[in-house]
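Heads up: the structure comes next, in structure tokens.
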Amino acid sequence: VRLIRSQLSNNITDHPVDLHNDEAVLTVSTDEFGRALFEGLEAGSTVSVSTQVGDEELVSRRFAVPTLGGVRVMLVAEASPPSLPTAVAPGSGMISFGGDTRWVVEMSDEAVEVYYLLEAVNDGGIPVLSTVPVAFDLPYGAQGGVLLEGSTSQARIDGRRVSVAGPFQPGRTPINLAYVLPYSGGDLTIEQTLPVAVDQVAIVAEKHGDMRMTSPQITQSREMNAAVGRFMVGGGPRLAANETLSISLVGLP
């Protein structure tokens, strides 16, 4: 009897195989080549062979023992199922908004469109559950809040409330969202408080006419031309958790 798993190169060694006749059951273990040899059987008797491989029972048809020579029987078990990766239990830890996190402000009719392109960063080697809930409210007056393509499925928006469920996998988790903020007059201030730290402040705002952008969090600024228009760019150092990011636009059209 030859016992293999799925293909000829996969011998199942040192495994018991049973031979059944009308009177008894004989058991022989397979050798290094996956073979179990039954000798001294009575010619003309009717037998079958069987074995159990995991949850799979393999049974041959009944056959007669010949007077001379022998009978070769092959029992074939199914391939082993692929091993699943071992799940790693999440730990408790801190995340921050880092990586390419930035805020973008674009002009619309009597309103600005505000984009949060956030990356939740887990620098550890295992998933973490944030020690503080990653949830915050968009600024008062924000309308039409929506998650953008590419955002994690863990993020939700309900009215002005944004929440991101853990655990956070090692690396970066994208949270991209947008909303519209109407304004009247020539000045507008956007204020956003976040429950976790921002590693580095980065703001890009579309410029019309003599508009200016100011922020207590900006320590360096410049203007840049792009194919779609002119933009004001500001950057600053780390923003601690629960501090408020403030962006003021002066001279709106």
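Any read-out appearing in this document is the output of simple, stated calculations on the displayed coordinates, not a laboratory observation. Bear in mind the structure is a predicted one, so any value in this text is a computation, not a measurement. A quick note on method: Cβ atoms are made from the backbone with ideal geometry, for glycine too, and the neighbour counts reach across all protein chains shown.
Picking from Pro66, Pro139, Pro216, which is most flexible by a Gaussian network model of the chain using Cα springs under 10 Å?
Largest GNM mean-square fluctuation: Pro66.
Can you tell me, using C-alpha contacts under 8 Å and at least 6 residues apart, the relative contact order of the chain as a whole percent?
Value for the chain: 15 percent.
Can you give the local net charge around Gly236? Use residues other than it whose beta-carbon is closer than 12 angstrom to its beta-carbon, Lys and Arg +1, Asp and Glu -1.
Here the charged neighbours net out to 0.
Have a look at Val59, Val162, Val128 and tell me which one the Gaussian network model of the chain (Cα, springs below 10 Å) gives the largest fluctuation.
Val59
For Tyr183, which sequence-distant residues (separation of 5 or more, or a different chain) have an amide H within less than 5 Å of its own amide H, given hydrogens modelled in the peptide plane?
Those lying under 5 Å, H to H, from Tyr183 are Ala111, Val112.
Local charge sum around Ser45 (other residues, Cβ-Cβ under 9 Å, Lys/Arg +1, Asp/Glu -1)?
Every neighbour counted, the sum reads -3.
If you place +1 on the Cβ of every Lys and Arg and -1 on the Cβ of every Asp and Glu, how big does the dipole about the Cα centre of the chain come out, in debye to the nearest 20?
440 debye
Explain nothing, just compute: Karplus ³J(HN,Hα) = 6.51 cos²θ - 1.76 cosθ + 1.60, θ = phi - 60°, for every residue of the stretch 98-108 in order, whole Hz, x for Gly and Pro.
So the J values, rounded to whole Hz, are x, x, 9, 4, 7, 10, 10, 10, 10, 7, 9.
Where is the GNM fluctuation largest for the chain (alpha-carbon springs, 10 angstrom cutoff): Arg172, Arg161, Arg72?
Arg72
Looking at the stretch 94-250 from every direction and averaging, what is the projected area of its Cα convex hull in nm²?
Taking the Cα atoms of the stretch 94-250, their convex hull projects to 9.2 nm² on average.
Taking DSSP loops as anything outside H, G, I, E and B, show the longest stretch in the chain free of GluC sites (Glu not before Pro) there with at most 15 other beta carbons within 10 Å.
Within the chain, the longest run free of exposed GluC sites (Glu not before Pro) spans 150-242.
Once the Cα atoms of the stretch 30-80 are picked out, what are the Rg and Dmax in Å?
Calculated on Cα positions, Rg and Dmax stand at 12.5, 38 Å.
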